[in-house]
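Only one structure is covered here, and it is reproduced in the block below.
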Amino acid sequence: MRIWQCPSRILLLALIAGCGGGGGNPDPRDTNPPAPATPTGISAIGAADSIEVSWTHTMGASQYVMYWSETPGVTAQNGNRATSGSSPGIITGLRDDTIYYVVVAAANNVGNESAVSGEVSAQPVATWPGRITTVAAMPGDGQLTVTWDDQINADTYTVYASTHPEGRKEIPFANATSPFIATGLTNGVTYYMAVTASNETGEGILSQPSEATPSAPVAGWTRQTTISNPYLGVQDFVADLAINENGRAAVVWSTRFEGGSTNSVMSLNHATDGVWGEPMTIGSLINGASVAITPGNDIHLAYSEDSENMLWRRYRDGVWSEPVAIHSVDFRDHYSQPDLAVDDLGNVFAVWVEADVEGPVFFSELWARRFDAVSEEWGDAVMIGDSVASISFPSIEVGASNQAFVAWLQDTVEVDLELEEDQPRRRSLYASRFDGTTWHSGEIVGRDDLVNWDSVNEFKLDANDLGQASIVWAQTFSTDRTSSSFEIGGARFDPALGQWSAPEQIFSDDLGRAGNPDVVVDPAGQIRAAWRISQPYRNEGATYDDAMQLWGDIELLPIDIGSADYLGLEVNAAGELLLMWASDFPPKGVFVRWLAPGSSEWSTTDLLGGYTDGSPSTQVKMDSSGHAVVASVFTVFRNGEWENHVFAMLYL
């Protein structure tokens with residue numbers, strides 16, 4: 001046992017922890033240790049609505065007490081009290097326009113406090129609330145639901161409605177909380193909704209607006225619904241859509257990301273009883289897709305993946321089949337542009353383009369194939385068209401049971417790939433058909449007297465269950481690539497004669513460009529055509545008079561709201577005519593009108609929804625039963641980004 005000798009007595013080291021003067025650690029057995037030393041090195045800086053106080057750690061301190069006041073001479077008795085376990089400590093809830101005075105005391109684990117430190121002062125920094133970046137607006141009937149993410153330093157929020165695209169503080173809704181329903185808005189008017197955050201410093205910057213158009217429910221139509229996941233592609237379009245007599249619908253759309261068509265993604269969604277499912281990715285590197293729905297609710301899908309072959313899948317009883325190549329040739333360079341149609345028996349008809357390059361020459365072929373509903377097998381693939389240059393935009397429509405019509409654009413001039421300059425194509429219109437047993441070879445049904453840079457640009461095909469069909473096209477005439485005159489032309493198929501009529505001029509103009517042609521053949525065989533003229537802007541149509549064997553007078557279409565940047569005609573088995581148009585300029589939206597058979601009075605215009613860019617990416621398809629689907633692509637600012645969405649509406 002070691003012995004220590006202190007000045008006055010001998011102590012055993014086993015009993016005593018230490019001896020001598022002060023400065024050692026407190027005795028842990030002491031139930032009331034003395035207060036720690038006074039903190040030193042005190043400093044304070046202003047922060048947002050607060051002051052940050054710092055000091056040097058004091059031996060024996062378990063916490064620190066900050067006493068503060070709006071007047072100098074702060075003591076433990078007159079100051080407000082705030083505690084902190086370590087340095088720095090934060091005093092919150094302060095005003096930005098006031099200087100605060102602070103002293104600090106150290107306290108031990110039993111609460112004994114040291115004397116207070118010297119006094120320091122600081123003023124909180126005025127902080128404006130941040131700009132909200134996550135605003136989203138969704139339409140309702142006379143109202144919009146606006147959502148956003150809260151800001152950390154915001155006390156209140158104000159929602160603003162404006163009719164200007166940049167967003168302005170026109171109609172305020174104060175003291176709003178997310179989600180907020182802005183009421184009292186006008187149906188059919190596009191509003192740009194923005195939000196500000198406020199605190200005691202003031203009101204923050206107006207957010208980027210999110211647009212939406214309130215609309216009243218339309219009888220028979222579902223509300224405009226997002227059927228895609230948000231995506232950020234730079235190009236996008238509705239590739240195809242379909243609906244059957246049971247109301248089962250499907251929409252296929254494509255998104256092309258940075259880098260062009262080689263980075264495209266094709267997706268699909270389908271609906272049953274008016275309810276859409278989850279979107280499905282078909283694949284990447286897709287070069288065209290088409291969809292058709294049988295009376296038995298099977299969904300057929302054709303698409304070209306990586307341009308290497310033409311694939312087919314079927315959705316039945318909740319399960320997709322594996323992809324099957326319906327045509328694949330080793331030496332083909334390119335498969336693209338499929339189109340599907342289904343008849344009342346469930347037979348499926350498919351057409352697609354195959355292209356190849358041999359030396360400096362580029363050529364194309366159009367192929368067709370039929371899926372038999374009874375045997376559930378594909379028949380032989382048949383080439384129905386070939387071109388010394390390109391074949392574009394094949395379209396197929398069913399007529400009577402087990403019959404189909406095909407139309408396409410075809411270059412009539414060979415293209416030399418070794419020439420760098422543009423070359424005239426003299427594109428004209430060709431057609432083929434399946435007569436129940438045989439695919440017929442393609443024949444020219446458009447004008448065969450094209451010269452210079454004359455070209456067909458667009459067309460539309462339709463047929464009825466009597467076996468009648470009609471094609472309407474937009475034609476330009478040019479000697480030097482600058483269009484000098486325009487024409488809407490047409491041709492009709494007579495089932496009694498088994499042949500197409502000669503090309504017929506429906507409309508011509510030397511001023512305004514004609515485009516966006518459409519045509520329907522109703523159950524009685526009446527043909528209605530529609531088109532757009534750019535200068536002066538107007539939407540026109542004409543009806544073929546079967547008794548007079550000629551096209552009737554040009555009439556303005558009953559488009560009374562918006563700009564009709566895109567239009568579509570559909571007819572059902574009852575002869576009811578549906579006119580749909582999309583407007584990208586206020587008032588924005590997708591609009592429809594109906595015309596009953598034998599009537600000359602159109603229904604009033606209904607707004608189905610405000611999400612459309614007015615381009616051909618807005619499409620409509622109606623089944624013979626009268627069920628219809630409309631789909632559109634639109635870019636909206638939501639959640640801090642410009643998001644692309646596919647929207648759809650159903651008429652059931």
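The values are calculated or read from the model by the stated rules, or taken from the named source; none is laboratory data. Bear in mind that the values here come from a model prediction, so they are computed numbers and not experimental data. Virtual Cβ from ideal backbone geometry, glycine too; neighbours counted across all protein chains shown. Ligands, DNA and RNA are excluded from the accessible area calculation, which covers all protein heavy atoms including side chains. Shrake-Rupley method; radii C 1.70, N 1.55, O 1.52, S 1.80 Å.
Hey, does the stretch 229-239 have a residue that's crowded, with 23+ Cβ neighbours inside 10 Å and assigned to a strand (DSSP E or B)? Step through it out loud before you land on a result.
Residues of the stretch 229-239 crowded, with 23+ Cβ neighbours inside 10 Å: 236, 239.
Still in the list and also assigned to a strand (DSSP E or B): 236, 239.
Yes: the stretch 229-239 contains one or more residues that are crowded, with 23+ Cβ neighbours inside 10 Å and assigned to a strand (DSSP E or B).
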Fill in: Residue list for the stretch 180-193, filter: at positive phi and surrounded by 17 or more Cβ atoms within 10 Å (Cβ to Cβ)
Gly188
Fill in: Selection from the stretch 363-383 of residues that are under 26 Å from Pro295 (Cβ atoms), in a strand (DSSP E or B) and among the aliphatic types (A, V, I, L, M)
Ala368, Val382
Worksheet, complete the sentence: Filter the stretch 293-307 for residues that are touching a strand residue (DSSP E or B) at 6+ places or on another chain (Cβ under 7 Å) and among the acidic types (Asp, Glu); the one that is least open to solvent (accessible area, probe 1.4 Å) is Asp298
Worksheet item: Given the residues Thr196, Thr177, which is the only one that is farther than 30 Å from Asn269 by Cα, surrounded by fewer than 17 Cβ atoms within 10 Å (Cβ to Cβ) and in contact (Cβ under 8 Å) with a residue 12 or more places away in the chain?
Response: Thr177
Practice prompt. Could you tell me which residue of the stretch 623-637 is modelled with the lowest pLDDT, considering only residues that are surrounded by fewer than 23 Cβ atoms within 10 Å (Cβ to Cβ) and under 21 Å from Thr222 (Cβ atoms)?
Written response: Val636
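Checking the condition assigned to a loop (DSSP other than H, G, I, E, B), more than 16 Å from Gln499 (Cα to Cα) and among the polar types (S, T, N, Q), which residue from Ser392, Ser401 passes? Walk me through it before giving the result.
Values: Ser392 fails: assigned to a loop (DSSP other than H, G, I, E, B).
Exactly one of Ser392, Ser401 is assigned to a loop (DSSP other than H, G, I, E, B), more than 16 Å from Gln499 (Cα to Cα) and among the polar types (S, T, N, Q), namely Ser401.
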Worksheet item: Could we say that Gly79 is over 27 Å from Phe585 (Cα atoms) and in contact with a Gly (Cβ under 8 Å, 6 or more places away or on another chain) here?
Response: no
Worksheet item: When the residues of the stretch 589-600 are filtered to those that are at pLDDT below 95 and open to solvent by 20 Å² or more (accessible area, probe 1.4 Å), which remaining residue is nearest to Ser508 (Cα to Cα)?
Response: Ser600
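Which is touching a residue at least 60 places away in the same chain (Cβ under 8 Å), closer than 14 Å to Ala107 by Cα and surrounded by fewer than 18 Cβ atoms within 10 Å (Cβ to Cβ), of Ala76, Ala37?
Working: Ala76 fails: touching a residue at least 60 places away in the same chain (Cβ under 8 Å).
From the options Ala76, Ala37, the qualifying one is Ala37.
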Item to complete: Hey, can you tell me all the residues within the stretch 498-553 that are modelled with pLDDT of 85 or more and polar (S, T, N, Q)?
Response: Gln499, Ser501, Gln505, Ser508, Asn516, Gln526, Asn539, Thr543, Gln549
Worksheet, complete the sentence: For Val65, the lone unmet condition from (1) open to solvent by 30 Å² or more (accessible area, probe 1.4 Å); (2) in a strand (DSSP E or B) is (1)
Worksheet item: Would you call Glu258 modelled with pLDDT of 80 or more and not aliphatic (A, V, I, L, M)?
Response: no
Worksheet item: Does the stretch 124-168 hold any residues that are in contact (Cβ under 8 Å) with a residue 60 or more places away in the chain, assigned to a loop (DSSP other than H, G, I, E, B) and β-branched (Val, Ile, Thr), and which are they?
Response: Thr127, Ile132, Thr133, Thr134, Val135, Thr163
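With over 25 Å from Ser207 (Cβ atoms) and surrounded by fewer than 17 Cβ atoms within 10 Å (Cβ to Cβ) as the only criterion, which of Ser583, Ser617, Ser603 stands out? Before the answer, list the steps.
On the way: Ser583 fails: surrounded by fewer than 17 Cβ atoms within 10 Å (Cβ to Cβ); Ser617 fails: surrounded by fewer than 17 Cβ atoms within 10 Å (Cβ to Cβ).
Within the list Ser583, Ser617, Ser603, the selection yields Ser603.
Might you check whether a residue that is closer than 25 Å to Asp343 by Cβ and open to solvent by 70 Å² or more (accessible area, probe 1.4 Å) occurs anywhere in the stretch 501-510? Steps first, answer last, please.
Looking only at the stretch 501-510, we keep the residues that are closer than 25 Å to Asp343 by Cβ, and these are 501.
If we keep only those that are open to solvent by 70 Å² or more (accessible area, probe 1.4 Å) too, we end up with none.
Among the residues of the stretch 501-510, not one is closer than 25 Å to Asp343 by Cβ and open to solvent by 70 Å² or more (accessible area, probe 1.4 Å), which makes the answer no.
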Fill in: For Thr156: the one exception among (1) buried (at least 16 other Cβ atoms within 10 Å of the Cβ); (2) closer than 23 Å to Ile91 by Cα; (3) hydroxyl-bearing (Ser, Thr, Tyr)
(1)
Fill in: Residues of the stretch 536-564 that turn out to be outside any strand (DSSP E or B), open to solvent by less than 90 Å² (accessible area, probe 1.4 Å) and either among the hydrophobic types (A, V, I, L, M, F, W, C) or without any contact (Cβ under 8 Å) to a residue 12 or more places away in the chain (or both), as a count
6
Discussion item. If I go through the stretch 194-205 residue by residue, how many of them are more than 24 Å from the chain's Cα centre (by Cα) and either aliphatic (A, V, I, L, M) or over 16 Å from Glu170 (Cβ atoms) (or both)?
Written reply: 8
